[in-house]
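Colleague: Okay, handing you the structure first.
The values are calculated or read from the model by the stated rules, or taken from the named source; none is laboratory data. Worth saying up front: this structure is predicted, and the values here are computed from it rather than measured. Just so you know, the surface numbers come from the protein's heavy atoms only, side chains and all, with ligands and any DNA or RNA stripped out. Shrake-Rupley method; radii C 1.70, N 1.55, O 1.52, S 1.80 Å.
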Amino acid sequence: MNNRLGCVLAILLAITCNISVNGEDPYLFHEWKVTYGTLSPLGVPQKIILINGQFPGPRINGTSNNNVVVNVFNQLDEPLLFTWSGIQQRKNSWQEGTLGNNCPIPPGTNFTYRFQVKDQIGSYYYYPTTSMHRAAGGFGGISVLSRALIPVPFETPEADHMVLVGDWYTKSHTELKRLLDSGRALGRPQGVVINGKSGKGDGKDEPMFTVTPGKTYRFRICNVGLKDSINVRMQGHTLKLVEIEGSHTVQNVYESLDIHLGQCFSVLVTANQEPKDYFLVASTRFTKDSHVATTTIRYANGKGPASPELPKAPEGWAWSLNQFRSFRWNLTASAARPNPQGSYHYGQINITRTIKLVTSAGQVDGKLRYALNGVSHVDPTTPIKLAEYYGAGDKVFKYDLIKDEYEPSPGQAGQDKITVAPNVVNATYRNFVEIVIENHGKSVQSWHLSGHSFFAVGIEPGRWTPEKRRNYNLLDAVSRNTIQVYPKSFAVIMTTLDNAGLWNLRSNSLERNYLGHQLYFSVLSPNKSIKDEYNMPDNDLLCGIVKDMPKPTPYKAN
């Protein structure tokens with residue numbers, strides 16, 4: 001009897017061990033039908049990209065380490081791709097969804113994205129990267145919560161709301177594309193939308209959010225716009241900043257926040273005012289004529305409309321720069337892993353490589369182009385990632401057309417010769433790099449790096465020199481994935497290129513991005529091992545010169 005019992009226990013133990021070793025993190029399944037519909041975000045009927053009939057699209061809610069599966073049915077009349085801005089796609093740039101990484105989904109077909117939000121928390125969003133589709137919608141929010149065992153540095157809010165704000169054009173995305181293809185600029189947007197609506201601000205709008213007196217709410221606010229920085233504020237309430245793009249922050253309180261293109265902030269708002277209606281206000285910054293949108297926040301059982309007097313936005317970019325300097329990484333808060341954010345001492349790592357990028361604009365064959373170090377990126381018909389994987393890169397692009405150092409001709413900034421070509425930097429796996437972005441123009445820029453988070457260590461007026469390193473924040477700069485660069489200024493970021501794959505550094509301005517303000521970092525693992533990078537998925541779409549080539553030998557776990 002004892003022997004039998006011992007055998008049973010041994011079997012049960014083996015089964016238990018097997019489950020614990022091979023068990024996977026939870027899966028989240030989504031099925032999207034992407035179509036056109038007619039809506040009027042600014043009061044003018046337009047063709048809008050809908051996902052399952054919604055604009056904005058469905059929110060992806062998950063928890064750190066969840067596996068996300070999104071089956072996209074492209075029912076548009078054009079090829080389509082989605083990118084998941086801020087999701088790091090660890091070892092998996094196959095799911096990045098840019099034209100440098102992937103063949104677009106043909107009309108009338110479907111494609112399934114599969115990725116894991118590995119060791120991430122925070123607020124992000126997705127959007128289409130093909131053509132000018134982002135100007136027609138197709139975007140939505142992504143929220144990734146901490147696992148239950150990892151403490152969060154604030155009490156669980158009563159509710160968690162996604163607020164997608166941005167400027168908006170009343171011209172269709174096809175009209176805007178024709179403008180850029182003809183060599184002209186887009187001009188100014190016609191307004192601002194909040195979750196796809198502009199709000200009349202006359203007290204007759206239905207509330208977008210309802211709050212209970214005394215309760216605290218989390219608002220995840222992302223600037224999903226096309227051209228402009230946005231200032232966000234709430235009548236009668238303050239905004240407690242708690243997270244920026246995956247990092248818990250020191251919890252400073254603000255009257256308003258400047259949120260630049262592509263950026264996502266989380267704030268806590270306590271319903272501690274007289275029970276009635278209040279406006280959440282979003283307006284463009286650094287523009288001659290500011291566009292304003294409102295949405296109504298209603299107290300449950302409150303009485304009275306919101307005041308027609310809207311809180312004013314700050315003026316000038318010096319105020320915005322000072323606000324950026326006030327953002328600090330919360331060094332004692334837990335990260336997505338159960339260890340303090342401050343346990344990673346980035347300021348003590350030696351810089352392996354410095355890349356200085358100078359932004360410029362100019363004419364090529366009579367048409368407007370934007371360039372980095374004199375190179376204006378254009379997407380080849382064969383995605384760069386596929387060309388590399390199939391060993392056909394030399395037939396599609398050249399590495400390192402741009403150099404790490406670049407100085408425009410004296411007195412001719414922005415007028416140097418521009419080369420139009422795929423812009424690919426050959427980067428070394430696990431190098432710790434310093435990237436400087438100089439903006440010699442007159443408008444604020446915003447930049448995003450995919451596949452990584454980076455430390456935004458400094459923004460200053462003027463030109464960068466090595467002596468400027470004395471002014472870096474090497475202790476508690478926020479780890480994030482976007483950075484703004486003010487006019488006639490520079491910004492500096494630091495990161496470890498520890499994610500093997502092909503990663504896009506791009507302008508968050510749709511116009512600048514479309515006309516060349518981007519590049520790709522090729523971060524190849526010398527081991528060609530699935531420990532460093534996953535193999536091409538079996539369902540990956542093929543196009544260009546690799547379409548009929550034999551599939552390469554897959555990586556192994558060496």
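Colleague: Can you sort LYS240, LYS556 by solvent-accessible area, 1.4 Å probe, largest first? Display every interim value, and only then the final one.
Modeller: Details: LYS240 75, LYS556 145 Å².
Result of the area sort, largest leading: LYS556, LYS240.
Colleague: Still on this model: Give me the percent of Cα-Cα pairs in the stretch 281-413 that sit more than 17 Å apart, rounded to a whole number. Please list the in-between numbers first.
Modeller: Numbers: 7134 of 8778 pairs.
More than 17 Å apart: 81 percent of the Cα pairs in the stretch 281-413.
Colleague: Counting pairs of Cα atoms in the stretch 159-326, how many percent are more than 20 Å apart? Walk me through the numbers on the way to the answer.
Modeller: On the way: 7371 of 14028 pairs.
That fraction is 53 percent.
Colleague: Right, here's the next one. Over all pairs of distinct alpha carbons, what does the Kirkwood formula give as the hydrodynamic radius of the stretch 27-145, in Å? Provide the component values of the computation, followed by the final result.
Modeller: Numbers: mean 1/r = 0.0690 Å⁻¹.
Roughly 14.5 Å, rounded to one decimal.
Colleague: Ok, one more. I need the per residue convex hull volume for the chain, using only the alpha carbons, in cubic angstrom as a whole number.
Modeller: Working: hull volume 102.4 nm³, N = 558.
Dividing the Cα hull volume of the chain by its residue count gives 184 Å³.
Colleague: Then there is this: In whole Hz, with x marking every Gly and Pro, tabulate ³J(HN,Hα) for the stretch 273-286 from phi via Karplus 6.51 cos²θ - 1.76 cosθ + 1.60, θ = phi - 60°.
Modeller: Couplings: 10, 3, x, 6, 8, 9, 9, 8, 10, 10, 9, 6, 10, 6 Hz.
Colleague: From the backbone phi of the stretch 547-555, what are the Karplus-calculated ³J(HN,Hα) couplings (6.51 cos²θ - 1.76 cosθ + 1.60, θ = phi - 60°) in whole Hz, Gly and Pro given as x?
Modeller: Per-residue couplings from phi come out as 4, 10, 7, x, 5, x, 5, x, 5 Hz.
Colleague: Using the Cα gyration tensor of the stretch 351-481, with a ≥ b ≥ c the square roots of its eigenvalues, what is the shape: rounded (a/c below 1.5), prolate (a/b larger than b/c) or oblate (neither)? Walk me through the numbers on the way to the answer.
Modeller: Values: a/c = 2.05, a/b = 1.19, b/c = 1.73.
Judged from the Cα gyration tensor, the stretch 351-481 comes out oblate (a/c at least 1.5, b/c at or above a/b).
Colleague: Could I ask something else about it? Leaving ligands and nucleic acids out of the surface, order TYR299, TYR344 by accessible area at 1.4 Å, largest first. Walk me through the intermediate numbers first.
Modeller: Values: TYR299 5, TYR344 100 Å².
Of TYR299, TYR344, the descending order of accessible area is TYR344, TYR299.
Colleague: Quick check: convex hull over the Cα atoms of the stretch 276-355, volume per residue in Å³, rounded to an integer?
Modeller: Working: hull volume 16.5 nm³, N = 80.
Dividing the Cα hull volume of the stretch 276-355 by its residue count gives 206 Å³.
Colleague: Report the gain in length on full extension from THR553 to ASP379: 0.36 nm times residue separation, minus Cα-Cα distance, nm rounded to one decimal. Don't skip to the end; give the middle numbers.
Modeller: Details: separation 174, 0.36 × 174 = 62.64 nm, distance 2.60 nm.
The THR553-ASP379 span can extend by a further 60.0 nm.
Colleague: Taking the Cα atoms of the stretch 417-526, report the difference between the largest and smallest coordinate on each principal axis, in whole Å and largest first.
Modeller: 37, 35, 23
Colleague: When N counts the residues of the stretch 92-157, how does its alpha-carbon radius of gyration compare numerically with 2.2 N^0.38 Å, as a ratio? If you can, show how the numbers build up before the last one.
Modeller: Details: Rg = 15.7 Å, N = 66, 2.2 N^0.38 = 10.8 Å.
Against the compact-globule rule of thumb, the ratio is 1.45.
Colleague: Cross-chain or 8 or more residues apart, Cα under 20 Å: how many lysine pairs in the stretch 159-326 fit that? Count them up, please.
Modeller: 16
Colleague: Also: Just report the Cα centroid separation between the stretch 313-354 and the stretch 93-136, whole Å.
Modeller: Between the Cα centre of the stretch 313-354 and that of the stretch 93-136, the gap is 27 Å.
Colleague: So which DSSP H runs in the chain come out at 24 Å plus along the axis (Cα) with average Kyte-Doolittle of at least -0.5? Intermediate values should be presented prior to the final figure.
Modeller: Working: long enough: 2-22 (30 Å, 1.20).
Taking the DSSP H segments of the chain (at least 24 Å long, mean hydropathy at least -0.5), we get 2-22.
Colleague: When the solvent-accessible surface of protein heavy atoms is calculated with a 1.4 angstrom probe, in what order do ASP548, ASP400 fall, highest first? Walk me through the numbers on the way to the answer.
Modeller: On the way: ASP548 145, ASP400 50 Å².
Output order, biggest surface exposure first: ASP548, ASP400.
Colleague: What does the C-alpha gyration tensor say about the overall shape of the stretch 315-359? Classify as rounded when a/c is under 1.5, otherwise prolate if a/b is larger than b/c, or oblate.
Modeller: Values: a/c = 3.12, a/b = 1.25, b/c = 2.49.
Verdict is oblate for the stretch 315-359.
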